[in-house]
1. Only one of (1) closer than 22 Å to L34 by Cβ; (2) surrounded by fewer than 21 Cβ atoms within 10 Å (Cβ to Cβ); (3) among the charged types (D, E, K, R) fails for D211. Which number is that?
2. What residue, among those in the stretch 110-121 that are of a type in the set (G, A, S) and not in a strand (DSSP E or B), is surrounded by the most Cβ atoms within 10 Å (Cβ to Cβ)?
3. Mind listing just one residue for me: the one in the stretch 170-208 that is aromatic (F, W, Y) and closer than 15 Å to L110 by Cα and, of those, surrounded by the fewest Cβ atoms within 10 Å (Cβ to Cβ)?
4. In the stretch 60-86, which residues are farther than 20 Å from Q239 by Cβ and basic (K, R)?
5. Does the stretch 199-213 hold any residues that are in contact with a strand residue (DSSP E or B) (Cβ under 6 Å, 6 or more places away or on another chain) and of a type in the set (G, A, S), and which are they?
6. Given the criteria out of contact with any Gly (no Cβ under 8 Å at 6 or more places or on another chain) and crowded, with 18+ Cβ neighbours inside 10 Å, does L143 qualify?
7. Would you be able to say whether some residue in the stretch 156-169 is surrounded by fewer than 21 Cβ atoms within 10 Å (Cβ to Cβ), modelled with pLDDT of 95 or more and farther than 26 Å from G32 by Cβ?
8. Which ones in the stretch 59-73 are open to solvent by 50 Å² or more (accessible area, probe 1.4 Å) and touching a residue at least 60 places away in the same chain (Cβ under 8 Å)?
Amino acid sequence: MRHGAYVLLAAQLLGVFCAAYAPTSCGQTPSGWLIHDLTRPRPPVVQPAPQALPMPAPSDARVLFDGSDLSQWRSADGSSPQWIIRDGYMESVPDSGYLFTADGFGDLQLHVEWASPVPPAGTGQERGNSGVFLMGKYEIQVLDSFQSDTYADGQAAAIYGQHPPLANACLPPGEWQSFDIVFRRPRFSHQGKLLQPAMISMMHNGVLVHDRSAVWGPTSWLQHFRYEAHADRLPLALQDHGNPVRYRNIWLRELPEVPTPGEAKPREYVQL
């Protein structure tokens with residue numbers, strides 16, 4: 001999420017400080033690992049099977065980007081996006097800011113295709129960095145993790161700062177890759193109490209990388225934030241991290257809401 005080698009240095013210093021002085025307060029997470037812990041084991045590398053991309057959208061899908069325009073996207077201030085479109089894809093422009101969907105979404109199935117820059121430049125978090133933010137708060141990391149090392153919870157397909165992917169299924173820079181995400185939003189009571197955390201299942205290039213992973217709260221760099229109640233539907237976002245990452249063929253299917261644990265079921269009435 002941040003530029004340069006100081007990311008790794010900061011993670012190292014944080015780990016040293018927390019181990020010595022405050023093991024439960026400095027980026028400690030429910031997993032028992034510190035956020036961006038450099039000693040956390042890396043996921044095994046898996047070579048994905050060839051994919052038939054772009055993947056056509058199902059009949060009930062809403063297409064958010066078909067390669068022709070950004071009419072369904074906005075900049076953070078609501079103005080027209082500054083990302084560029086060419087050859088059926090959009091590309092992040094440095095300092096142009098995040099892209100947000102014009103509409104909000106809750107439970108969904110999301111398909112995103114992306115490609116990291118060629119030739120590759122930088123190392124670790126500097127290498128093809130971007131992200132897909134569910135509800136604008138919960139990031140799935142986009143990164144060139146093909147034969148490139150970084151902390152486990154920040155590599156491609158990680159739930160950033162929380163859950164490393166079950167496998168490193170990255171393809172070489174420049175090749176089109178796919179994320180297929182099933183997202184269940186967090187549930188809150190009318191009083192704002194968390195009833196159920198957000199849940200993410202996900203395939204990266206056809207390889208399972210998350211199986212109902214519980215999100216601990218909004219994702220962030222070197223910090224563990226707790227949930228705060230928010231709307232049931234919020235925009236998706238794509239991150240500008242200063243790298244010319246490309247996106248194409250983005251579509252989603254809105255999923256039926258599931259009952260929330262602890263919520264009273266609506267009473268049934270009979271028409272007389």
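1. Against the list (1) closer than 22 Å to L34 by Cβ; (2) surrounded by fewer than 21 Cβ atoms within 10 Å (Cβ to Cβ); (3) among the charged types (D, E, K, R), D211 comes up short only on (1).
2. Of the residues in the stretch 110-121, the ones of a type in the set (G, A, S) are 115-116, 121.
Subset that is not in a strand (DSSP E or B): 116, 121.
On the way: S116: 28, A121: 14.
Ranking the candidates gives S116 first.
3. Across the stretch 170-208, the extreme among qualifying residues is F179.
4. R62
5. Within the stretch 199-213, S201, S213 meet the criteria.
6. Values: out of contact with any Gly (no Cβ under 8 Å at 6 or more places or on another chain): no; crowded, with 18+ Cβ neighbours inside 10 Å: yes.
Considered against the rule, which asks whether it is out of contact with any Gly (no Cβ under 8 Å at 6 or more places or on another chain) and crowded, with 18+ Cβ neighbours inside 10 Å, L143 comes out as no.
7. Taking the stretch 156-169 and keeping what is surrounded by fewer than 21 Cβ atoms within 10 Å (Cβ to Cβ), we get 166-167.
Next cut, modelled with pLDDT of 95 or more only: 166-167.
From the residues that got through so far, the ones that are farther than 26 Å from G32 by Cβ too are none.
No: the stretch 156-169 contains no residue that is surrounded by fewer than 21 Cβ atoms within 10 Å (Cβ to Cβ), modelled with pLDDT of 95 or more and farther than 26 Å from G32 by Cβ.
8. Restricting attention to the stretch 59-73, the residues satisfying the condition of being open to solvent by 50 Å² or more (accessible area, probe 1.4 Å) are 59-60, 62-63, 66, 68-69, 71.
Matches in the stretch 59-73: D60, R62, V63, D66.
The values are calculated or read from the model by the stated rules, or taken from the named source; none is laboratory data. Being a predicted model, the structure only gives us computed values, none of them experimental. When we count neighbours, we look across all protein chains shown, and the Cβ atoms used for this are built from the backbone with ideal geometry, even at glycine. These accessible areas exclude ligands, DNA and RNA; they are computed on the full protein's heavy atoms, side chains included. Shrake-Rupley method; radii C 1.70, N 1.55, O 1.52, S 1.80 Å.
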